[in-house]
1. Tell me which residues, restricted to the stretch 311-322, are buried (at least 24 other Cβ atoms within 10 Å of the Cβ) and in a loop (DSSP other than H, G, I, E, B).
2. Do we find a residue being among the β-branched types (Val, Ile, Thr) and touching a Gly at 6+ places or on another chain (Cβ under 7 Å) anywhere in the stretch 282-293?
3. Could you please let me know if GLU337 is in contact (Cβ under 8 Å) with a residue 40 or more places away in the chain and assigned to a helix (DSSP H, G or I)?
4. I'm trying to understand the selection: among the residues of the stretch 175-197, which are part of a loop (DSSP other than H, G, I, E, B) and crowded, with 18+ Cβ neighbours inside 10 Å?
5. Which members of the stretch 224-245 meet the condition of being surrounded by fewer than 22 Cβ atoms within 10 Å (Cβ to Cβ) and in contact with a strand residue (DSSP E or B) (Cβ under 8 Å, 6 or more places away or on another chain)?
6. Quick one: which of ALA358, ALA299 is in a loop (DSSP other than H, G, I, E, B), more than 30 Å from THR266 (Cβ to Cβ) and in contact with an Asp or Glu (Cβ under 7 Å, 6 or more places away or on another chain)?
7. Could you tell me whether the stretch 261-274 includes any residue that is touching a Cys at 6+ places or on another chain (Cβ under 9 Å) and either over 26 Å from GLY349 (Cβ atoms) or open to solvent by 40 Å² or more (accessible area, probe 1.4 Å) (or both)?
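The values are calculated or read from the model by the stated rules, or taken from the named source; none is laboratory data. Here the structure is a predicted model, which is why all the values come from computation and not from measurement. Cβ atoms come from the backbone with ideal geometry, glycine included; neighbour counts cover every protein chain shown. We work out accessible area using only protein heavy atoms, side chains counted, and drop any ligands, DNA or RNA first. Shrake-Rupley method; radii C 1.70, N 1.55, O 1.52, S 1.80 Å.
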Amino acid sequence: MNVSKTKVDMLKLSILLVIVPALCLGFEVRNHNTKEVTDALNEIHAECPDITRIYSIGESVQNRPLKVIEFSTSPGQHVIGVPEFKYVGNMHGNEVVGREVLLKLGMYMCEQYKSGNATITWLIQHTRIHIMPTMNPDGWEAANASPADKDGHRNWIKGRSNAHNVDLNRNFPDLDPAFHLGNGPNHHIKSEEEALKTPNLQPETIELIHYIMENPFVLSANLHGGDLVANYPFDESFNNKLQSYAGSPDDETFRYLAQSYSLYHTLMAKEHPTCDMSGDDDFAKQGGITNGAAWYSVAGGMQDFNYAASNCFEITVELGCDKFPKDEAKYWTQNKESLINFMLQIHIGVKGVVTDGATNKPLKDVPIKVYKSTPQTKNGWTYIDHDITTFEGGDYYRLLVDGAYMIVAEKPGYTSQQQRVVVQNQPLHEALKLDFVLMPERSQGNMKMGFGRPGSGRQGLKNMHKGGMSEAEYADYLERLQKVLEDRQYLG
C-alpha cells in the first residue's frame, strides 16, 4: 500500500480546519459519570439549540438511557439530499475514550459553528449527524467501580459486557455467512422483523437494530479501545479461520474510509509502539488500518450488521492501547482531525432521488446497482456486488471512490434506467447528483436489463432502448422524462 500517495489523494477530500477563537463551554476531557454525560449533552444543546436535538433510542438492562445528540440545520427531520451520519461510543463499557472524545466533539462542533469555522459550518449545513457517547452505560458503571492499580490501570475485562454479562459486539444477528454464500440478496439480508428473532438479543442490541434499520444512515463509526487502528469489514472470516482476510464487495471504498481516519490521526498511521506485547500487530506498517477478519475473526459484530442489513457503511476505530486511561485529555488532540475528516467522507460518490415517471412520486426500496469501469477485464465493467436501496423519500446515497461507473436503478414493474458517470470527489463538495426516473412497464412489456447473482462483470450493460413501446409511446416517455428533469433544474 502506498501510504504517501493515499494521503495526497485524501487531501483532495479534506481541508485543514480553520482555526478561529473558540467559545468556551467549560468542558474538560476526563472520566464523566452517567449524570455528567447527560449534563454535558444538555449544555451543548443549551448553547446551540437551533442546530441540536437530544433524544434517546431506548434503555440499557439497568434502565439507563441510550442518549444521542443530533447536529443539523433541521433538527429532528430527514431532509432529502442530506445524508445521515452516526458515531457510537463506549459499546464496551470499559473502553471509555470514545465516550469522552464524542462528548468533546459535540462541544467542539457547537463552539466552532457559532464561531464561523468554515469546515464545521459546511459539514452541519450539509449533513445530519448523530452522536451516541455511550451504548453500554451499565458496563461503564461496572468498569468505573473496579479498583485501579498503582499506575491507574483498571481490570482489562471488567465492564466490557453489559449488565447481563453479554459482549454486545458479538450479539448482533450474524448475517455474514448468508452474504458469503451468495445465493440470496446482496443487501438487507434480513428484514427487521427477522433480525429481531435472533436468540439472546440484549436490550441494547435490540435498540441498535431498530436504530440502524429504521433510519437512513449512510456512514458510521463505532469507537473502541485496546489498540490503535481503523478496522473495516468484514469482521468474520469466510472459512472459519481465526485470521483470514475477508474483503467486502466495497473493499476499495472501505480501505479508503479507514485511511480517511487513520491518516489524520496524530499517531495511528505513524511508527509507534504496538499495543500487542508480541509486536505482531504493527498496524502502522499498513497505514493504520486492518481488515477485521485479517486481525481476528468476529461473528455477530455491529460493523458487519450495518453493512449487511442496511445502507450504512461502518468501520470500527480502536483509539488506543489503554481502555480506561488515567489521562484522557490527550486523546482528543490525537483524534480531532480524524473525527472531522471521517464525517466529511459521507459526501463521496453519488446521490439522488428515484421517482415514478408517471406520477412524479418518490419510489422507495429501489435497488441501486453499481458497476465500476475495469478496462482490464473481459467485459470492461465489474459489478460491485452490494446494492443499496432508496429511502422513504426516494433518496439514495452511494459511497464511491474516484472512478468511472455505471449506476443502475431497477425496480420490478418499472423499466430500468442506467447512467454512466465519472466520480471525482472534491473537498467540501456534495456527492455527484444523479436522479432517476423510472417508467411503469407497459402491457407490451419493456425490455428489462438482466442482472444475475453472484459474480462480477454481469451481463445486461446494453443501452436502454424503447423495447416494446410504440414510437408514440416512446416519444411520450421521453417528453415526460425531460419535463421531470427540467422541473429539477437539471436542464437549461
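1. ASN311
2. Within the stretch 282-293, the first condition is being among the β-branched types (Val, Ile, Thr), and the residues that meet it are 289-290.
Imposing the further condition that a residue be touching a Gly at 6+ places or on another chain (Cβ under 7 Å) reduces the set to none.
So far as the stretch 282-293 goes, no, none of its residues is among the β-branched types (Val, Ile, Thr) and touching a Gly at 6+ places or on another chain (Cβ under 7 Å).
3. Numbers: in contact (Cβ under 8 Å) with a residue 40 or more places away in the chain: yes; assigned to a helix (DSSP H, G or I): yes.
Against the criterion (in contact (Cβ under 8 Å) with a residue 40 or more places away in the chain and assigned to a helix (DSSP H, G or I)), GLU337 qualifies.
4. Initial filter on the stretch 175-197 (part of a loop (DSSP other than H, G, I, E, B)): 175, 182-191, 196-197.
LEU175, ASN186, HIS187, HIS188, ILE189, LYS190, listed by residue number.
5. Step one: of the stretch 224-245, the residues surrounded by fewer than 22 Cβ atoms within 10 Å (Cβ to Cβ) are 226-227, 238-245.
Listed by number, the residues that qualify are GLY226, ASP227, TYR245.
6. Result: ALA299 is the single residue among ALA358, ALA299 that is in a loop (DSSP other than H, G, I, E, B), more than 30 Å from THR266 (Cβ to Cβ) and in contact with an Asp or Glu (Cβ under 7 Å, 6 or more places away or on another chain).
7. So the first thing to find is which residues in the stretch 261-274 are touching a Cys at 6+ places or on another chain (Cβ under 9 Å), and the list is 273-274.
Keeping just the survivors that are either over 26 Å from GLY349 (Cβ atoms) or open to solvent by 40 Å² or more (accessible area, probe 1.4 Å) (or both) gives 273-274.
Yes: the stretch 261-274 contains one or more residues that are touching a Cys at 6+ places or on another chain (Cβ under 9 Å) and either over 26 Å from GLY349 (Cβ atoms) or open to solvent by 40 Å² or more (accessible area, probe 1.4 Å) (or both).
Listed here are the residues, each with its yes/no results for (1) over 23 Å from LEU219 (Cβ atoms); (2) surrounded by 23 or more Cβ atoms within 10 Å (Cβ to Cβ).
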residue: GLY357; (1), (2): yes, no
residue: PRO367; (1), (2): no, no
residue: TYR371; (1), (2): no, yes
residue: GLY380; (1), (2): yes, no
residue: ASP385; (1), (2): no, no
residue: ASP395; (1), (2): no, no
